[in-house]
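**Student:** Structure incoming, see below.
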Amino acid sequence: MNDFAGRSLTVDEAVYRSESQTSLHNRAIALLLKSYGRFYADPDEALDLYTRQYSIALTARDLAAMGATLAAGGVNPITGRRVIDSRHVAKVLTMMITNGLYENSGQWLYRTGLPAKSRVGGGILAMVAGKYAVATFSPPLDGAGNSVRGQKAVQFIAEALRANRMGCLFDLFKPFEVDLLVIDDPYRFRYRMHFFSAITVLCRHPG
């Protein structure tokens, strides 16, 4: 994850402790899968690792850099370092398309055409393969656990940049240059969306 973000990340220990004490549903799912022979590791060890992973403290910029790495076919466009083999990127984006926004994934894909992933902490990461990634952070959530204002911000950016082009979704293998566009003025968006920051990492084809 450090290589995806382009910097050293740390676990938010307070979040980790809280999640560890309340992750009963996840533990029950892991044990149920284990009982059917469909969990191929120690449930407690795997659950602890999973909990630590989603307790890592990130900024919107970190999240955007991670998305830009996927958008660039597995190469972090800021550091120039390959983080993941390009053959795995399409699989990751496919998973994001099919369930990245929980039960609202279909509606999201219909509106934006973008692979995306949200978390109940209020973050959303979306990307256009081969071009750029968008990350937002705004804690108020809808019934499915997705950021309300974050969805509107990403949809606005996607519409403004005409990003809903499913035909070239997996065009991952061209050279990239990177610019950072920091958007921290909520009044630049429709509906006066108040979120802490939305940061877009643009990976532009030379010329």
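The values are calculated or read from the model by the stated rules, or taken from the named source; none is laboratory data. Predicted model only: the values in this text are computed from it and were never measured. Cβ sites come from the backbone with ideal geometry, for glycine too, and all protein chains shown count toward neighbours.
**Student:** Look through T10, T69 and report the one residue that is hydroxyl-bearing (S, T, Y), assigned by TED's automatic domain parsing to the domain that holds A90 and under 22 Å from the mean Cα position of the chain (by Cα). Spell out how you get there, then give the answer.
**Tutor:** On the way: T10 fails: assigned by TED's automatic domain parsing to the domain that holds A90.
None of the others qualify; the one that does is T69.
**Student:** OK, next. Which of (1) surrounded by fewer than 21 Cβ atoms within 10 Å (Cβ to Cβ); (2) among the aliphatic types (A, V, I, L, M); (3) at pLDDT below 85 does I199 not meet, given it meets every other one?
**Tutor:** Every condition holds for I199 apart from (1).
**Student:** Still on this structure, please answer the following. Pull up the range 1-42, narrow it to residues that are in contact (Cβ under 8 Å) with a residue 12 or more places away in the chain and of a type in the set (A, V, I, L, M, F, W, C), then point me to the one that is farthest from R61 (Cα to Cα).
**Tutor:** Restricting to residues being in contact (Cβ under 8 Å) with a residue 12 or more places away in the chain and of a type in the set (A, V, I, L, M, F, W, C), the top hit is L31.
**Student:** Something else: Which of the residues spanning the range 2-53 are hydroxyl-bearing (S, T, Y), loosely packed, with under 14 Cβ neighbours inside 10 Å and not in a helix (DSSP H, G or I)? Steps first, answer last, please.
**Tutor:** Within the range 2-53, the subset hydroxyl-bearing (S, T, Y) is 8, 10, 16, 18, 20, 22-23, 35-36, 40, 50-51.
If we keep only those that are loosely packed, with under 14 Cβ neighbours inside 10 Å too, we end up with 8, 10, 18, 22, 35-36, 40.
Once the filter is applied, which keeps residues that are hydroxyl-bearing (S, T, Y), loosely packed, with under 14 Cβ neighbours inside 10 Å and not in a helix (DSSP H, G or I), the range 2-53 yields S8, T10, Y36, Y40.
**Student:** Looking only at the range 104-111, decide whether some residue is buried (at least 22 other Cβ atoms within 10 Å of the Cβ) and under 16 Å from Q155 (Cβ atoms). Lay out the reasoning, then the answer.
**Tutor:** Taking the range 104-111 as the starting set, the residues that turn out to be buried (at least 22 other Cβ atoms within 10 Å of the Cβ) are 108.
Remaining after also requiring under 16 Å from Q155 (Cβ atoms): 108.
Yes, the range 104-111 contains a residue that is buried (at least 22 other Cβ atoms within 10 Å of the Cβ) and under 16 Å from Q155 (Cβ atoms).
**Student:** Tell me which of these L181 doesn't satisfy, since it passes every other one: (1) under 22 Å from L58 (Cα atoms); (2) modelled with pLDDT of 50 or more; (3) not in a loop (DSSP other than H, G, I, E, B).
**Tutor:** So L181 meets the others, but not (2).
**Student:** On the given criteria, is H88 in the same structural domain as A116 (by TED's automatic domain parsing), free of Cβ contacts under 8 Å to residues at least 60 places away in the same chain and part of a helix (DSSP H, G or I)?
**Tutor:** Details: in the same structural domain as A116 (by TED's automatic domain parsing): yes; free of Cβ contacts under 8 Å to residues at least 60 places away in the same chain: yes; part of a helix (DSSP H, G or I): yes.
So H88 fits the description; yes.
**Student:** For the range 104-132, enumerate the residues that are at pLDDT 95 or above and among the charged types (D, E, K, R).
**Tutor:** Across the range 104-132, the qualifying residue is only K117.
**Student:** Output the residues belonging to the range 43-58 that are free of Cβ contacts under 8 Å to residues at least 40 places away in the same chain and out of contact with any Ser or Thr (no Cβ under 8 Å at 6 or more places or on another chain).
**Tutor:** Step one: list which residues in the range 43-58 are free of Cβ contacts under 8 Å to residues at least 40 places away in the same chain, which gives 43-51.
Across the range 43-58, the qualifying residues are P43, D44, E45, A46, L49, Y50.
**Student:** When the residues of the range 141-167 are filtered to those that are at pLDDT 90 or above and either outside any helix (DSSP H, G or I) or not assigned by TED's automatic domain parsing to the domain that holds Y102 (or both), which remaining residue is nearest to R61 (Cα to Cα)?
**Tutor:** Only one residue fits best here, namely S147.
**Student:** Then there is this: Suppose the filter is surrounded by fewer than 22 Cβ atoms within 10 Å (Cβ to Cβ), of a type in the set (K, R) and under 24 Å from A5 (Cβ atoms); does K91 pass it? If you could, list the steps in order and put the result at the bottom.
**Tutor:** Numbers: surrounded by fewer than 22 Cβ atoms within 10 Å (Cβ to Cβ): yes; of a type in the set (K, R): yes; under 24 Å from A5 (Cβ atoms): yes.
Yes.
**Student:** Which residue, of D62, D85, is more than 11 Å from the chain's Cα centre (by Cα) and either of a type outside the set (A, V, I, L, M, F, W, C) or at pLDDT 95 or above (or both)? Full working, then the answer.
**Tutor:** Working: D62 fails: more than 11 Å from the chain's Cα centre (by Cα).
That would be D85, the only listed residue that is more than 11 Å from the chain's Cα centre (by Cα) and either of a type outside the set (A, V, I, L, M, F, W, C) or at pLDDT 95 or above (or both).
**Student:** Considering (1) modelled with pLDDT of 95 or more; (2) closer than 17 Å to L125 by Cβ, say which one A28 fails and leave the rest.
**Tutor:** In the conditions (1) modelled with pLDDT of 95 or more; (2) closer than 17 Å to L125 by Cβ, A28 misses (2) alone.
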